[in-house]
Amino acid sequence: MSFRSPRPAARPLPLCSQMLVLLTLSDRGCSVLCSSVMGVLSARSHAPCTPPAPTGARRTLAASSSQPPNGPEPGSQPLKARTLSGMASKTTTTVTPKRVAHSPSLQSLKKPIIPKEFGGKVPTVIRQRYLNLFIEECLKFCSSSQEAIEKALNEEKVAYDRSPSKNIYLNVAVNTLKKLRGLAPSPTPGLKTGSRRVVSHEMVLGGKLATKTSFSLSRPSSPRVEDLKGAALYGRLKEYLLTEEQLKEHGYPFPHPERPGGAVLFTAEDKKPKDSACRICCRCGAEYLVSPSGRCVRAEECHYHWGRLRRNRVAGGWETQYTCCSAAIGSTGCQVAKQHVQDGRKENLEGFVKTFDKELAEDAHPGIYALDCEMSYTTRGLELTRVTVVDADAQVVYDTFVRPDNEVVDYNTRFSGVTEADLVDTSISLRDVQAVLLSMFSADTVLIGHSLESDLLALKVIHSTVVDTSVLFPHRLGLPYKRSLRNLMADYLRQIIQDNVDGHSSSEDASACMHLVIWKIREDAKTKR
């Protein structure tokens, strides 16, 4: 830039300047902005000319000294304002977005829709939600989107078929989702997934010293629930024992006051048929005739529903349906058996034994056991075919098959898990089992079970120191309704039991009862602190 001596009639000279401005946009990064600013400054004829700068002086002084000392001309825009306004209109960014690899997702796929069904055991909305989750997980490890959809549909169908109710479906679906997540490939170890700094929870709450400092609260209380074993656990279980009124209300056997070896029940008796040879089928409710040996006089098939009755919402209101096939009450049974059967346990109340008191050592306790029995139909009704006893650690201490006293007409494998092959080489009788149990138990031994009165009737054992999970976790409608052990395990412990197509397992059911009671003690201890 050149400087000339002032002349009286000097023409205004244009001044061009180009500036590079560095602006900080945010704390995330910086962008370099380039703007070309053209400004024309007019000089007055009487304005003095700036003398030349000394040698070595910065050229920026010439630009800054071009403004009159008296301030900018009235009506003109300051250089800084004009510079920023010009930059704002010509600002460009050099930051380019990162390229992300394409992965299939639900938005780019045609989602399968689960058809709606009235009276379904699981709402369609819930099934659709889990199906979408299954598809998202399958997309992570399947080679194609079609394969992922087919696998997700199969997994959802299996979960639906295995679940007789909504609660069971939710637990099965959650377990399936965990399984699918385990199949997805894990990220490469050591790979840096992001530039965000990881900060520990202690660092956030208390700073650097928090990682070197510990805090504790001393609560004077009884021994920890985790340490409750043996005598300590036995003492806690006393709070959950059934009272005498509860034992009578739930149909537990009591010694007969007049007949030795006999038992008496205090529950209301069912109406018996007038004819002594007439029986009522405990599966379909039909009446049938039997011979003196207990065999059916006439060969007649038994059509029955093995599921329970449950009220479900349908179009226009509510309907009572069977859980096995969702058929309405009064419909023809979905299962067919060769003949009718009876329960018979409440009619045959002879041959009972009672646990008795035993002397124990000072540091010993009477014992804690969980018990479960399996029964099959004979010519005289339900009889014991298997018994399992587990200890407080859920370890099996006694498990045996039992040969019934009468001929078996239906092994009831769907529920008992007992087959004909299991009893072929069995010589253990009911009396043998009673002798073993009387040697293991005393009158003060705590027995745990689900609807334990049913097992004691099959064993023909009278015992009053019991903890019943069907009473510990009652049905919201009260008696005669009871919650199943399968539902209790699914709701409280998030475990699926009785899921074997070969029938129930007495060892599994006994262990489940023990786990439920211990879980109940721990939960109650939390609220008492």
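Considering the range 152-167, the residues that are touching a residue at least 60 places away in the same chain (Cβ under 8 Å) and either under 24 Å from Ala315 (Cβ atoms) or in a loop (DSSP other than H, G, I, E, B) (or both) include one that is least open to solvent (accessible area, probe 1.4 Å), namely Ser165. Taken over the range 108-151, the criterion of being in contact with a helix residue (DSSP H, G or I) (Cβ under 7 Å, 6 or more places away or on another chain) and in contact (Cβ under 8 Å) with a residue 60 or more places away in the chain is satisfied by Lys121 alone. If the condition is being surrounded by fewer than 13 Cβ atoms within 10 Å (Cβ to Cβ) and either within 17 Å of Cys282 (Cα to Cα) or in the same structural domain as Thr379 (by the TED database) (or both), then the range 310-330 contributes Ile329, Gly330. Only residues that are of a type outside the set (D, E, K, R) and not in a strand (DSSP E or B) were counted across the range 366-393, and they come to 4.
Only one of (1) open to solvent by 10 Å² or more (accessible area, probe 1.4 Å); (2) closer than 15 Å to Phe352 by Cα fails for Asn412. Which number is that? Only one criterion in (1) open to solvent by 10 Å² or more (accessible area, probe 1.4 Å); (2) closer than 15 Å to Phe352 by Cα is unmet by Asn412, namely (2). Within the range 280-291, is there a residue that is among the charged types (D, E, K, R) and either in a loop (DSSP other than H, G, I, E, B) or open to solvent by less than 40 Å² (accessible area, probe 1.4 Å) (or both)? Checking the range 280-291: at least one residue is among the charged types (D, E, K, R) and either in a loop (DSSP other than H, G, I, E, B) or open to solvent by less than 40 Å² (accessible area, probe 1.4 Å) (or both). Selection of first residues in the range 301-323 that are in contact (Cβ under 8 Å) with a residue 40 or more places away in the chain and of second residues that are of a type in the set (Lys, Arg), restricted to Cβ pairs under 7 Å at least 6 apart or on distinct chains, gives the following pairs, ordered by first then second residue: Trp306/Arg414; Gln321/Arg310; Thr323/Arg308; Thr323/Arg310.
Output the residues belonging to the range 137-149 that are assigned to a helix (DSSP H, G or I) and either hydroxyl-bearing (Ser, Thr, Tyr) or loosely packed, with under 15 Cβ neighbours inside 10 Å (or both). Scanning the range 137-149 gives Ser145, Gln146, Glu147. Taken over the range 236-266, the residue count meeting the criterion of being under 22 Å from Gly367 (Cβ atoms), open to solvent by 40 Å² or more (accessible area, probe 1.4 Å) and not aliphatic (A, V, I, L, M) is 7.
Across the range 458-494, the number of residues qualifying as of a type in the set (Asp, Glu) and modelled with pLDDT of 95 or more comes to 1. The selection criterion, being over 20 Å from Val436 (Cβ atoms), small (Gly, Ala, Ser) and either open to solvent by 30 Å² or more (accessible area, probe 1.4 Å) or touching a residue at least 60 places away in the same chain (Cβ under 8 Å) (or both), holds for Ala490.
Listed here are the residues, each with its yes/no results for (1) among the β-branched types (Val, Ile, Thr); (2) under 17 Å from Pro404 (Cα atoms); (3) within 39 Å of the chain's Cα centre (by Cα).
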| residue | (1), (2), (3) |
| --- | --- |
| Cys302 | no, no, yes |
| Arg311 | no, no, yes |
| Gln321 | no, no, yes |
| Ile329 | yes, no, yes |
| Lys354 | no, no, no |
| Ile368 | yes, no, yes |
| Arg380 | no, yes, no |
| Glu383 | no, yes, yes |
| Asp393 | no, no, yes |
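The values are calculated or read from the model by the stated rules, or taken from the named source; none is laboratory data. From a predicted model like this one, the values you see are computed outputs, not experimental measurements. All Cβ positions, even for glycine, are placed from backbone atoms using ideal geometry, and neighbour counts span all protein chains on display. Just the protein is used for accessible areas: all its heavy atoms, side chains included, with ligands, DNA and RNA removed. Shrake-Rupley method; radii C 1.70, N 1.55, O 1.52, S 1.80 Å.
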